[in-house]
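**Student:** Sharing a structure, written as structure tokens. Questions coming.
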Amino acid sequence: MGPIHILMIVLVSLAIGSFLNVVIHRLPRGESLAFPGSRCASCGRAIRFYDNVPLLSYAVLGGKCRFCGEKISARYPIVEGLTAFIVLALLAVYGLTVPFAAYATLAFFLIPISFIDWDTGFIPDKLVIPASIAGIFYLAAFHIVKWKVTWKSGLAGMVAGAGLLLLLMIAGKFLMKKDAMGMGDVKMLAMTGIYVGFPAVWIALFFGGVAACVYIMIALARKRLMLKNTIPFGPFIAIGTLTYLLAGDFLIQWYLGLIR
Ligand SMILES: [Zn+2]
């Protein structure tokens, strides 16, 4: 794989990231993902194709609409850049293999699910179901991912992911008398379990829980969050899953080294 291939993968990832922005913006509103083309969120004028180049256009336009001069959300280039970064990181770990394709596919769903959950507190079935079907396809066609995840492991991951989170949900409701998590989180972790298998799905959930605790402590300290608030857990499932996929082996070895 030469520099040209890597450049092509980056450009395709940026284009997919650009489409993910459309998904994040329109799916919760029930709007079509295909029509009409991109529009300025402020003045509604159609964005010209040369103003719709990932990352570059935002920089060239100085983060402002060409027509009305209204600020364009920094989230657009952030989602594009994040998508390309995650794909490159997966490529570095897995090479150009079936696992790379499977986990890049998973990432293309984790990213919009996270942002939509963050915005609305709602995890759309319209994303979780297609991602789960794609995961089962990878399982069936390639034994997933010959890397570590077999048929049985993938299905066990789905059941164990949903089961543990369901238990935590019930326990949370019993202890705190409120809903700390929802069925969306349960379905999302089942989806993740198909891709990462068992027991990895529990490790991914653990990493996600750690990330959520760190976030909560920082947010409480900066008074950006009150104890009574709930936070969306979907983004942390995504962070935990990607942490496992990119650095899981390293982190597990490091941890075992600490307790040995
Ligand atoms: Zn405008």
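**Student:** Restricting attention to the stretch 188-216, which residues are part of a helix (DSSP H, G or I), of a type in the set (G, A, S) and over 16 Å from the mean Cα position of the chain (by Cα)? Show your work before the answer.
**Tutor:** If we filter the stretch 188-216 for residues that are part of a helix (DSSP H, G or I), which is where we start, we get 188-196, 200-216.
Filter again for of a type in the set (G, A, S), leaving 190, 193, 200, 204, 208-209, 211-212.
Within the stretch 188-216, just A200 meets the criteria.
**Student:** Do we have G182 as among the small types (G, A, S) and either buried (at least 21 other Cβ atoms within 10 Å of the Cβ) or farther than 23 Å from I113 by Cα (or both) here?
**Tutor:** So G182 fails the test.
**Student:** Looking for something among the acidic types (D, E) and crowded, with 18+ Cβ neighbours inside 10 Å - is there at least one such residue anywhere in the stretch 124-142?
**Tutor:** Checked the stretch 124-142: no residue is among the acidic types (D, E) and crowded, with 18+ Cβ neighbours inside 10 Å.
**Student:** May I pose another question? When you scan the stretch 52-70, do you find a residue that is among the aliphatic types (A, V, I, L, M), open to solvent by less than 50 Å² (accessible area, probe 1.4 Å) and in the same structural domain as V22 (by TED's automatic domain parsing), even just one?
**Tutor:** Among the residues of the stretch 52-70, at least one is among the aliphatic types (A, V, I, L, M), open to solvent by less than 50 Å² (accessible area, probe 1.4 Å) and in the same structural domain as V22 (by TED's automatic domain parsing), which makes the answer yes.
**Student:** What number of residues within the stretch 206-216 satisfy the criterion of being open to solvent by less than 20 Å² (accessible area, probe 1.4 Å) and under 14 Å from Y244 (Cβ atoms)? Break it down into steps so the answer makes sense when it comes.
**Tutor:** If we filter the stretch 206-216 for residues that are open to solvent by less than 20 Å² (accessible area, probe 1.4 Å), which is where we start, we get 208, 212.
In the following step, the residues that additionally are under 14 Å from Y244 (Cβ atoms) were identified as 208.
Of the residues in that region, 1 qualify.
**Student:** A further question on this structure: Conditions: (1) at pLDDT below 90; (2) assigned to a helix (DSSP H, G or I); (3) open to solvent by 80 Å² or more (accessible area, probe 1.4 Å). A219 meets all but one. Number of the miss?
**Tutor:** A219 satisfies every listed condition except (3).
**Student:** Can you report the number of residues in the stretch 32-51 which are without any contact (Cβ under 8 Å) to a residue 12 or more places away in the chain, open to solvent by 60 Å² or more (accessible area, probe 1.4 Å), small (G, A, S) and near the ligand (Cβ under 10 Å from one of its atoms)?
**Tutor:** 0
**Student:** Could you please tell me which pairs satisfy a Cβ distance under 8 Å, a separation of 6+ or placement on different chains, a first residue in the stretch 58-81 that is within 12 Å of the ligand (Cβ to nearest atom), and a second residue that is of a type in the set (S, T, Y)?
**Tutor:** Matching pairs, first to second residue: C65/S42; C68/S42; E70/S42; I72/Y58.
**Student:** List every residue pair whose Cβ atoms sit under 7 Å apart, with the two residues 6 or more apart in sequence or on different chains, where the first one lies in the stretch 236-260 and is farther than 22 Å from P99 by Cβ and outside any helix (DSSP H, G or I) and the second, anywhere, is charged (D, E, K, R) and open to solvent by less than 10 Å² (accessible area, probe 1.4 Å).
**Tutor:** Pairs that qualify, where the first residue is farther than 22 Å from P99 by Cβ and outside any helix (DSSP H, G or I) and the partner is charged (D, E, K, R) and open to solvent by less than 10 Å² (accessible area, probe 1.4 Å): there are none.
**Student:** How many residues are buried (at least 20 other Cβ atoms within 10 Å of the Cβ) and over 16 Å from I16 (Cα atoms) if we restrict to the stretch 92-109?
**Tutor:** The total comes to 1.
The values are calculated or read from the model by the stated rules, or taken from the named source; none is laboratory data. Treat the numbers as computed from the prediction; the structure is a model and nothing was measured. All Cβ positions, even for glycine, are placed from backbone atoms using ideal geometry, and neighbour counts span all protein chains on display. Just the protein is used for accessible areas: all its heavy atoms, side chains included, with ligands, DNA and RNA removed. Shrake-Rupley method; radii C 1.70, N 1.55, O 1.52, S 1.80 Å.
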